[in-house]
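Laboratory data are not the source of any read-out in this text; all were calculated from the coordinates shown. Quick caveat: nothing in here was measured; it's all calculated off a predicted structure. So basically every Cβ, Gly included, is an ideal-geometry build from the backbone, and we count neighbours across all protein chains shown.
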Protein chains: 2
Amino acid sequence: MALKFREAEYKDVEALVNMLFDDPLGTLREDSSKPLNSAYLTAFEAILKDNNNELIIVENNDNIMGMLQLTFIPYLTHTGSWRCLIEGVRVQSDCRGKGLGTQFFEWAIERAKQRGCNMVQLTSNKARVDALRFYQNLGFEASHEGFKLML
Amino acid sequence: MALKFREAEYKDVEALVNMLFDDPLGTLREDSSKPLNSAYLTAFEAILKDNNNELIIVENNDNIMGMLQLTFIPYLTHTGSWRCLIEGVRVQSDCRGKGLGTQFFEWAIERAKQRGCNMVQLTSNKARVDALRFYQNLGFEASHEGFKLML
């Protein structure tokens, strides 16, 4: 499978929203109506404009198979360092179990290194049991509690 | 106690590094040597330059009592939304147990609202038992595992 990794473009947003909706948690909080809710485009423009955010997609023969977002953040901690936060990880339901996620994360970790990061971090919902095992197998350590507060 | 909340400036960096070092985990990974390791200043400049990062300090009569960093991040998820990530939370050891942390977080949550965020998230090391209880008392839900991978 010849995978291509690239930053998302405007033309991809509808497919990405469809992928977010096709998920047990996403279906509860995303808007699948068409034409696309303009809030998605507004958010996408903000991501595009920010050099420290990259919305990455993986595709094969122009079929989008997965997405994730990288945020590069400078911190004083760890003797002054950059950290890469990964969020919004999704792989199309019919593309799972084929090693795609592992290749996607290897690419993302390499990208974090290129950007000078010394740590990659992410949170994963405790209900996503398969995802938790996936991250542990990749070498991530579940050293932290991940807290959320809705406003 | 008349608390003042403001963005950190260059003149504060040495005091902030001292605070990071005065911590069971920080003492293992920070550099307390003087003159200050230039990596701290480089990181601070990157924070200052980024409109989506704010390193906030709380002080009383010009005494720095605590610090935290806010990162505002746009996402497609949750129908296109901004999220506030809080990291690097520290309160001076002699200022704890007086409600300062609660006031600091109330201020930070208000700031996240001003910036249009619909969620605040953070991770806390599972070894910081008091901090975990503090966040739960503030209404944060420990719904996620927090994974880290050192590069």
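Residue pairs whose Cβ atoms lie under 8 Å apart, separated by 6 or more positions or on different chains, with the first residue in the range B:2-14 and farther than 19 Å from B:Ile109 by Cα and the second of a type in the set (D, E, K, R) and assigned to a loop (DSSP other than H, G, I, E, B), are B:Glu14/B:Lys34. Looking at the range A:125-136, can you tell me whether even one residue there is under 30 Å from B:Glu106 (Cα atoms) and in contact with a strand residue (DSSP E or B) (Cβ under 7 Å, 6 or more places away or on another chain)? For the range A:125-136, residues under 30 Å from B:Glu106 (Cα atoms) and in contact with a strand residue (DSSP E or B) (Cβ under 7 Å, 6 or more places away or on another chain): present.
Among the residues making up the range A:8-41, those that are assigned to a helix (DSSP H, G or I), surrounded by 15 or more Cβ atoms within 10 Å (Cβ to Cβ) and within 9 Å of another protein chain (Cβ to nearest Cβ) are A:Val13, A:Leu16, A:Val17, A:Leu20, A:Gly26, A:Tyr40, A:Leu41. Of all the listed residues (B:Thr27, B:Thr42), the sole one being of a type in the set (Val, Ile, Thr) and under 24 Å from A:His144 (Cα atoms) is B:Thr27.
The condition of being under 30 Å from B:Tyr10 (Cα atoms) and either of a type outside the set (S, T, N, Q) or within 12 Å of another protein chain (Cβ to nearest Cβ) (or both) holds for only one of B:Glu141, B:Glu54, B:Glu145, that being B:Glu54. Tell me whether the range A:60-71 contains one or more residues that are within 14 Å of chain B (Cβ to nearest Cβ), part of a strand (DSSP E or B) and closer than 30 Å to B:Glu9 by Cβ. Yes, there is a match, as at least one residue in the range A:60-71 is within 14 Å of chain B (Cβ to nearest Cβ), part of a strand (DSSP E or B) and closer than 30 Å to B:Glu9 by Cβ.
All told, B:Phe44 falls short of being closer than 22 Å to A:Cys84 by Cβ, aromatic (Phe, Trp, Tyr) and not in a helix (DSSP H, G or I).
Looking across A:Phe5, A:Phe105, one residue alone is more than 8 Å from every other protein chain (Cβ to nearest Cβ), over 25 Å from B:Glu54 (Cα atoms) and surrounded by fewer than 20 Cβ atoms within 10 Å (Cβ to Cβ). It is A:Phe5.
Which one is surrounded by the most Cβ atoms within 10 Å (Cβ to Cβ), of the residues in the range B:108-131 that are in contact (Cβ under 8 Å) with a residue 40 or more places away in the chain and in a strand (DSSP E or B)? Here the answer is B:Cys117. Of the residues making up the range A:74-101, those that are facing another protein chain (nearest Cβ under 7 Å), in a strand (DSSP E or B) and touching a residue at least 40 places away in the same chain (Cβ under 8 Å) number 1.
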